[in-house]
Amino acid sequence: MAGTTEPYDVITMGRTGVDIYPLQTGVSLADVETFGKFLGGSATNVAVAAARLGRRTAVISRTGRDPFGDYVHKALREFGVDDRWVTPVERYPTPVTFCEIFPPDDFPLYFYRRPKAPDLVIQPEELDLDAIRAARVFWITGTGLCEEPSRSATLAALEARAKSGTTVFDLDWRPLFWGGEGGASGAGGATGATAMATARPYYEAALAHTTVAVGNLDEAEVATGLRDPHACARALLDMGVELAVIKQGPRGVLAVHRDGRTAEVPPTPVEVVNGLGAGDAFGGALCHGLLAGRPLEDVMRHANAAGALVAGRLACSSAMPTADELEKFLASR
């Protein structure tokens, strides 16, 4: 990866691929007749969300050398996200993800990432460590830790960055990715217990190099072994982060800073169309708010609203709000 001169506002590292979403709601995949194709992958969606809010962003990921990989590059460029560090892997196809849409709270996902996803073949020696160190925000995910060489690459990036700027760990917990080649977890994929035990040491290693941890209660439990939101936040601070953000769904969001600041913000009501992507919209708005230096409660209020806006729309990446859309949405509440 060649060096860059101007630092990015946000560099994310992790999953990319194609979301194939049904254009009918309340219907199983067996009965869906038409689908839409969208850019997907958590780290990718966060970069898109931040770019839609006016930030200069880039993604570190990999695709297959195939038409879906071509689509990923095309879509990233259309969203204004730098794709220079999205590189092809010859032997694996670009991942696709299907979902079913049963509003308001049932959105089963079906990941096609076998025999292995290209985004898990990010090599440590490929990383542009100068660009990673210089970025104002660097964002990594739990999925990036599930297999080698992505695990070593993610930890190498964190170590090289050494907590410069804002370094965010999206706790992003997908138990079926933890358990062998291609992430097919026969040992804990259903309950996640075995997978959680496998993941926790790597989560702890990543947290030692991050300044912000963000996740829901299930994800925070992977890192801390706890379920109470306040206890999870305190444990994450004890593990080295400066800001712990615990998303609680219908109970809103809790943010606790090492300096004693706290914010508890209720959810933003919305008629849910598709809840997938709401957390990534939250993440992009979180990056934007932290970069803007806004008060903690204001950052959380905007992030909640961004998530709600996307939950009220069908797609993920293309549903991410602009700054104007977000302000108008908040003003209407």
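The values are calculated or read from the model by the stated rules, or taken from the named source; none is laboratory data. Since this is a predicted model, take the numbers as computed values, not measurements. Because the Cβ atoms are built from the backbone with ideal geometry, glycine has one as well, and the counts that use them run over all protein chains shown.
Within region 64-82, how many residues turn out to be crowded, with 20+ Cβ neighbours inside 10 Å and closer than 20 Å to I132 by Cα?
Qualifying residue count for the region: 2.
For region 224-250, which positions are in contact (Cβ under 8 Å) with a residue 24 or more places away in the chain, small (G, A, S) and either assigned to a helix (DSSP H, G or I) or in contact with a Lys or Arg (Cβ under 7 Å, 6 or more places away or on another chain) (or both)?
Result: G249, single match.
For region 310-333, what are the residues that are surrounded by fewer than 22 Cβ atoms within 10 Å (Cβ to Cβ), in contact with a Phe, Trp or Tyr (Cβ under 9 Å, 6 or more places away or on another chain) and in a helix (DSSP H, G or I)?
Across region 310-333, the qualifying residue is only S318.
Taking the condition of being farther than 17 Å from F169 by Cβ, part of a helix (DSSP H, G or I) and either touching a Lys or Arg at 6+ places or on another chain (Cβ under 7 Å) or touching a residue at least 60 places away in the same chain (Cβ under 8 Å) (or both), how many residues in region 251-284 meet it?
Final tally of qualifying residues: 1.
Select from region 136-157 the residues that are modelled with pLDDT of 95 or more and surrounded by fewer than 24 Cβ atoms within 10 Å (Cβ to Cβ) and list them in ascending order.
R136, E148, P149, R151, S152, A153, L155, A156
Just the residues that are among the acidic types (D, E) and outside any loop (DSSP other than H, G, I, E, B), please, taken from region 54-75.
D70
Out of all the residues in region 124-134, is one or more in a loop (DSSP other than H, G, I, E, B) and in contact (Cβ under 8 Å) with a residue 24 or more places away in the chain?
yes
Across region 256-281, which residue is surrounded by the most Cβ atoms within 10 Å (Cβ to Cβ) among those that are touching a Leu at 6+ places or on another chain (Cβ under 6 Å) and of a type in the set (A, V, I, L, M)?
It comes out as A263.
Tell me whether region 69-84 contains one or more residues that are more than 28 Å from A306 (Cα to Cα), touching a strand residue (DSSP E or B) at 6+ places or on another chain (Cβ under 7 Å) and among the aliphatic types (A, V, I, L, M).
no
Which of the following residues is assigned to a helix (DSSP H, G or I) and within 13 Å of the chain's Cα centre (by Cα): T143, T154?
T143
Under the condition of being of a type in the set (S, T, N, Q) and in contact with a helix residue (DSSP H, G or I) (Cβ under 9 Å, 6 or more places away or on another chain), which residue from region 19-64 is farthest from I140 (Cα to Cα)?
Q24
List every residue pair whose Cβ atoms sit under 9 Å apart, with the two residues 6 or more apart in sequence or on different chains, where the first one lies in region 53-80 and is touching a residue at least 12 places away in the same chain (Cβ under 8 Å) and the second, anywhere, is among the basic types (K, R) and in a helix (DSSP H, G or I).
F79/R52; G80/R52
Considering only residues that are surrounded by 24 or more Cβ atoms within 10 Å (Cβ to Cβ) and among the charged types (D, E, K, R), which ones fall in region 44-61?
Of everything in region 44-61, just one residue is surrounded by 24 or more Cβ atoms within 10 Å (Cβ to Cβ) and among the charged types (D, E, K, R), namely R52.
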